[in-house]
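Note sheet for the following structure.
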Amino acid sequence: MILITADPAAITEAAAAATKYVYLPSDPMSAFVIGTLVFIIVVFLFLIFSMLQFKRILYPDKEPALKGFMQKLTDTVPIEKEEEILMDHVYDGIRELDNNLPPWWKYLFYATIVFGFGYIYYYHFTGTDRLQIGEYNQELLVAETEMVEYRKHAANSIDESNVKMSDEAGIKEGYTLFQENCIACHGKTGGGGVGPNLTDEYWLHGGGLSDVFKTIKYGVPQKGMISWKSQLSPLNMQQLTSYIMSLKGTNPEKAKAPQGELYIAK
């Protein structure tokens, strides 16, 4: 992958374009189910607490009944009968009671088991890709879409100040562009004709990547080299520049004699 450096304005523009690809969770239903379950539990506990409080206020004479309800809810042993559930284990003078688990806690636990079976069925047996790997793959697709959109905008910001050497695929595109637009003056192999030889180390207008890009972009009208910025995109000019740079040292047959000054890369 090529990292194309863009100016701040281009990055801002690309980011704005990418915002239209808003990622939505692949399974919004799961968040809804979990949220609903939590809400029901909270409401249920709140209602129980409220009912107990109102009953205590409105019916103070029903306190024994209230205690009986709480007894069923918690299954606690009265203090006077705790001797019956004392365990033999003693530590530092402290003895342990063998209390039963509160029924309300057991019922919630049973509810989580039922929910677990429903969860497993929903995520593993309904034929849809709702697992984490599925969400990950979905995010990769979204990221790739955003990257394509970014490249469309970033490619238009390439100029002589940030041009980079293209990869192999870009150089192949540059070859095609060269054959379509440049062989009339520079020959099929870049060895020169009306125009100079592009395969040696001598250059008329600079032999660096930025220099060649600038020559392609603005041309040299007094020497018959036209400006290509109106006919080629910035990305195409980068690809063409990269192909020309790859011709160095190829020594084609019948190459034109060197012109200009010897270019030594800094």
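Values quoted throughout were computed directly from the atomic coordinates according to the rules given, and no laboratory measurement underlies them. Please read these numbers as outputs of a predicted model, since none were measured by experiment. So basically every Cβ, Gly included, is an ideal-geometry build from the backbone, and we count neighbours across all protein chains shown.
Placing a pseudo-label 7 Å from each Cα along the Cα-to-Cβ vector at Val220 and Tyr110 gives an inter-label distance of 9.1 nm.
From the alpha carbon centroid of the stretch 153-183 to that of the stretch 193-226 is 15 Å.
Here the stretch 68-203 is treated with +1 on each Lys and Arg Cβ and -1 on each Asp and Glu Cβ, and its dipole about the Cα centre works out to around 620 debye. Charged side chains reduced to their Cβ positions (Lys and Arg at +1, Asp and Glu at -1) give the stretch 153-266 a dipole of some 200 debye around its Cα centre.
Placing dummy labels 7 Å off each Cα toward the beta-carbon, the span from Asn251 to Tyr122 is 7.2 nm.
For Val220, the residues whose amide H sits under 5 Å from its own are Met225, Ile226, ignoring neighbours fewer than 5 places away on the same chain, with H placed 1.01 Å from N. Exposure proxy for Met70, Met225: other Cβ atoms within 10 Å of each Cβ, ordered fewest to most, give Met70, Met225. Translational diffusion of the stretch 168-262 was estimated from the Stokes-Einstein equation, with Rh taken as the Kirkwood radius over Cα pairs; at 10 °C and 1.306 mPa s the coefficient is 122 µm²/s. Among the listed pairs Lys214/Lys266; Lys214/Lys248; Lys164/Lys254; Lys172/Lys266; Lys214/Lys254; Lys164/Lys229, which have their C-alpha atoms separated by more than 20 angstrom in this model? Going by Cα-Cα distance, Lys164/Lys254; Lys172/Lys266; Lys214/Lys254 fall outside the 20 Å limit. Of the residues Leu101, Leu247, the one with the fewest other Cβ atoms within 10 Å heads the list, and the complete ranking is Leu101, Leu247.
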